[in-house]
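Please read the structure below before turning to the comments.
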Amino acid sequence: MDSIIVSGGTPLNGDIPIAGAKNAALALMPATLLSGAPLTLTNVPRLSDIKTMTALLESLGVEVTSMQGGKVQVLSSHAMTSTRADYEIVRKMRASNLVLGPLLARHHEAIVSLPGGCAIGARPMDIHIDALELMGAQIELRDGYLHAVAPGGLKGARVPLRFASVGATENVAMAATLAKGTTVIENAAREPEIVDLVRCLRAMGAQIEGEGTSTIEIQGVEALGAATHPVVTDRIELGTYMLAPVFCGGEVTCLGGTLDLVTSFVEKLDAAGVDVSESDRGLTVKLRGDRPRAVDVVTEPFPGFPTDLQAQMMAMLCLADGTSKLEERIFENRFMHAPELVRMGANIEVQGGQATVHGVARLKGAPVMATDLRASVSLILAGLAAEGETRVNRVYHLDRGYEHVEDKLSAVGARIERVQER
Ligand code: EPZ
């Protein structure tokens, strides 16, 4: 397993290109299952999760042609061979469950392994199941798999979600495009990745409105057709790299970034004393003064503060002048980066879903362990500030969601390298 070694203290200056959104691409790719016509995706990020989704779709018989080093994908499901998403693939990536809605919609059946828990929480699928059952699906759990059928196809329905689940909103929106009649999703998730998926479905011929609001309305159609769609910019990669100069000084422009993707995050940065300016090139970030100020953070569904930026924000607040309180409301176990940051000299107390961070003047490099995707990158960021060397192990977590993190950071002056473990 590879490790990444960061030597702290070097100011960063220059441009960091931001890739297409992992969490948009992982919903857009399964949309190919809704039509036998080709779906072309551009600005696809080069990540291991995309490779996992590709393998899953190919196991169902989808043809996936990658071009331009993986930035362009042409997907075609005109010759499907299976409707079974196998545990061996699904256990590696929860987003595999996004084949459930499209398979049910067009093939009227699906056998999808439950993803099982992951580091950040149990991650059940009750909201997906309840919603699809309201649309006429019959779903039962047998030997760890969801066995779902929709004899005669799905029917439009009013679908209230008990929680604005991103994945459930995506599964239902895709399923509803081919259902008979009208579906209204209430308390729908409003994330930019949902907006991106709906725009792609509309390009394929779906009758769908309301993306970005809590109510999405879909009129089912007979069939969907071909489309070409650019994957939206990754707001989580964007927010991650916006923080980098706050840890070690300098000024960085995140190319392609736009304020509308990170509004609540930028409000917190402003309160912490970080300057963010928008231009047609992207978002330029620089710390005012020599230390960020403490701020309180509560994670919420979009447009609230994103849970996927909580670990990165905590790392920054470890160096703030003052005490900050973070409340994680989306996942039940998403503070595993805290003990690793404490190994670097941070002063953090965790009680359940609350963390109190007492800012310290400096962090010290140490060997630390990555546990999940966003925790991993928060340790890299902390390493940019820490005195001496920080060695982040198990960086396969990182490669799931960040393209060549060491290349993007070293290009703006960071002393960072990847070492292959023998
Ligand atoms: C998506 O996961 C993202 N993944 C996550 O990003 C992100 O953290 C999350 O949305 C919240 O924004 C992708 O888009 C591939 P949810 P998803 O359904 O859809 C509970 C990353 O780092 N819940 O909105 O799985 C669930 O347990 C990843 O890129 C149920 O209880 O998130 C969680 O506590 C991590 N029952 C909360 O809702 C359900 O049926 C949010 O889940 C579904 C969800």
Discussion item. Tell me whether the range 120-127 contains one or more residues that are within 16 Å of the ligand (Cβ to nearest atom) and among the basic types (Lys, Arg).
Written reply: yes
Worksheet item: Restricting the range 337-349 to residues that are more than 16 Å from the ligand (Cβ to nearest atom) and more than 14 Å from Thr323 (Cβ to Cβ), which is surrounded by the most Cβ atoms within 10 Å (Cβ to Cβ)?
Response: Leu341
Item to complete: Inspect the range 131-146 for any residue being within 14 Å of the ligand (Cβ to nearest atom), under 22 Å from the mean Cα position of the chain (by Cα), assigned by TED's automatic domain parsing to the domain that holds Ala176 and not in a helix (DSSP H, G or I) and give the result as yes or no.
Response: no
Worksheet item: Given the conditions (1) loosely packed, with under 15 Cβ neighbours inside 10 Å; (2) more than 30 Å from Leu75 (Cα to Cα), which single one is not true for Ala244?
Response: (1)
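For every residue, the table says whether it meets (1) over 16 Å from Gly239 (Cα atoms); (2) out of contact with any His (no Cβ under 6 Å at 6 or more places or on another chain).
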site	(1), (2)
Arg362	yes, yes
Thr371	yes, yes
Ser376	no, no
Leu379	no, yes
Asn393	yes, yes
His397	yes, yes
Gly401	no, yes
Leu409	no, yes
Practice prompt. Would you point out which residue out of Thr240, Thr169, Thr183 is in contact (Cβ under 8 Å) with a residue 40 or more places away in the chain, farther than 23 Å from Ser96 by Cα and within 11 Å of the ligand (Cβ to nearest atom)?
Written response: Thr240
Worksheet, complete the sentence: If you go through Ile194, Ile218, Ile236, the only one that is on the phi < 0 side of the Ramachandran plot, surrounded by 23 or more Cβ atoms within 10 Å (Cβ to Cβ), in a helix (DSSP H, G or I) and in contact with a Ser or Thr (Cβ under 7 Å, 6 or more places away or on another chain) is Ile194
Fill in: Residue check for Gly212: open to solvent by 20 Å² or more (accessible area, probe 1.4 Å), under 26 Å from Ala150 (Cα atoms) and outside the structural domain of Ala272 (by TED's automatic domain parsing)
no
Response to the item:
Reported set for the range 362-386 where residues are touching a residue at least 60 places away in the same chain (Cβ under 8 Å), open to solvent by 10 Å² or more (accessible area, probe 1.4 Å) and more than 16 Å from the ligand (Cβ to nearest atom) is Gly365, Ala385
Fill in: Conditions (1) open to solvent by less than 10 Å² (accessible area, probe 1.4 Å); (2) away from the ligand (no atom under 15 Å from the Cβ); (3) free of Cβ contacts under 8 Å to residues at least 60 places away in the same chain: number failed by Glu109
(1)
Worksheet item: Of the conditions (1) more than 15 Å from the ligand (Cβ to nearest atom); (2) crowded, with 16+ Cβ neighbours inside 10 Å, Pro151 fails just one. Which one is it?
Response: (2)
Item to complete: Could you please let me know if Ile18 is open to solvent by less than 30 Å² (accessible area, probe 1.4 Å), within 16 Å of the ligand (Cβ to nearest atom) and farther than 30 Å from Gly116 by Cβ?
Response: yes
Worksheet item: How many of the residues in the range 58-73 are in a helix (DSSP H, G or I) and touching a residue at least 12 places away in the same chain (Cβ under 8 Å)?
Response: 3
Worksheet item: Does any residue of the range 387-400 turn out to be open to solvent by less than 20 Å² (accessible area, probe 1.4 Å), in a helix (DSSP H, G or I) and at pLDDT below 95?
Response: yes
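The values are calculated or read from the model by the stated rules, or taken from the named source; none is laboratory data. Note that the coordinates shown come from a computational prediction; the quantities given were computed from them, not determined experimentally. In this analysis, Cβ positions are derived from the backbone assuming ideal geometry, glycine residues included, and neighbour counts consider all displayed protein chains. Side chains are part of the model used for accessible areas, which takes the heavy atoms of the whole protein and leaves out ligands, DNA and RNA. Shrake-Rupley method; radii C 1.70, N 1.55, O 1.52, S 1.80 Å.
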